[in-house]
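Here is the structure we will look at.
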Amino acid sequence: MWRAPAAAVPAVGRVTRPVNAGTILRRSYHEDVVYGYRVPKVFEYPDYSPEQLRNRQQQAALVCLVSAYRTTGHRATDLDPLGIQKKQAIPELDPARYGLTDPDQMFDID
């Protein structure tokens with residue numbers, strides 16, 4: 001343990017008692033929590049209205065297709081301008097896989 005000299009006052013931290021010969025000093029950031037530790041944020045599910053939930057249920061296939069494009073859409077890019085390599089078909093990005101076969105179907109995405 002470190003003991004402060006009679007006339008010394010530390011630059012960092014606070015004094016818990018008056019500074020006298022033999023007084024033990026503590027740093028203030030160790031009193032309540034561990035230094036550098038952050039309390040994690042509490043995750044809360046979004047609060048959807050009944051209309052929004054019904055809309056998501058009706059358009060679950062569209063949501064799945066959008067999710068597939070987000071995760072595997074990079075594989076569908078055309079990076080070969082000369083066309084030397086054969087382009088492989090990506091079944092995850094086929095709308096028929098999700099039951100989206102009508103090209104005239106309208107979706108309410110609000």
- Message: Quick one: 3J(HN,Hα) in Hz for segment 77-84, Karplus 6.51/-1.76/1.60 with θ = phi - 60°, rounded, Gly and Pro as x.
- Response: 5, 9, 9, 10, x, 8, x, 6
- Message: Let me make sure I get this right: for segment 59-110, a, b and c are the square roots of the gyration tensor eigenvalues over alpha carbons, sorted descending. Under 1.5 in a/c it's rounded, otherwise prolate if a/b > b/c, else oblate. Which is it?
- Response: prolate
- Task: At most 12 other Cβ atoms within 10 Å and a DSSP loop assignment: could you name the chymotrypsin sites (Phe, Trp or Tyr not before Pro) in segment 44-102 that fit?
- Result: Y48
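May I ask you to compute the full-extension gain from D94 to T77, defined as 0.36 nm times their residue separation minus their alpha-carbon distance, rounded to one decimal in nm?
Contour length minus Cα-Cα distance gives 4.7 nm.
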- Message: Are there any trypsin sites (Lys or Arg not before Pro) in segment 48-110 that are in a DSSP loop and have at most 14 other Cβ atoms within 10 Å? List them by number.
- Response: K86, K87
- Query: What list of ³J(HN,Hα) couplings, whole Hz, do you get for segment 87-98 from phi and the Karplus terms 6.51, -1.76, 1.60, once you set θ to phi - 60° and write x for glycine and proline?
  - Reply: 8, 7, 6, 10, x, 5, 9, 7, x, 5, 4, 9
- Message: Give me the extension gain from R70 to Q58: residue separation times 0.36 nm, minus the current Cα-Cα distance, reported in nm with one decimal.
- Response: 2.3 nm
- Distance (nanometres) between label positions extended 7 Å along Cα→Cβ at K86 and K41: 4.8 nm
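We did not get these values from a lab; they are worked out from the coordinates using the rules stated. Because the structure is predicted, anything quoted here is derived from the model rather than measured. Cβ atoms come from the backbone with ideal geometry, glycine included; neighbour counts cover every protein chain shown.
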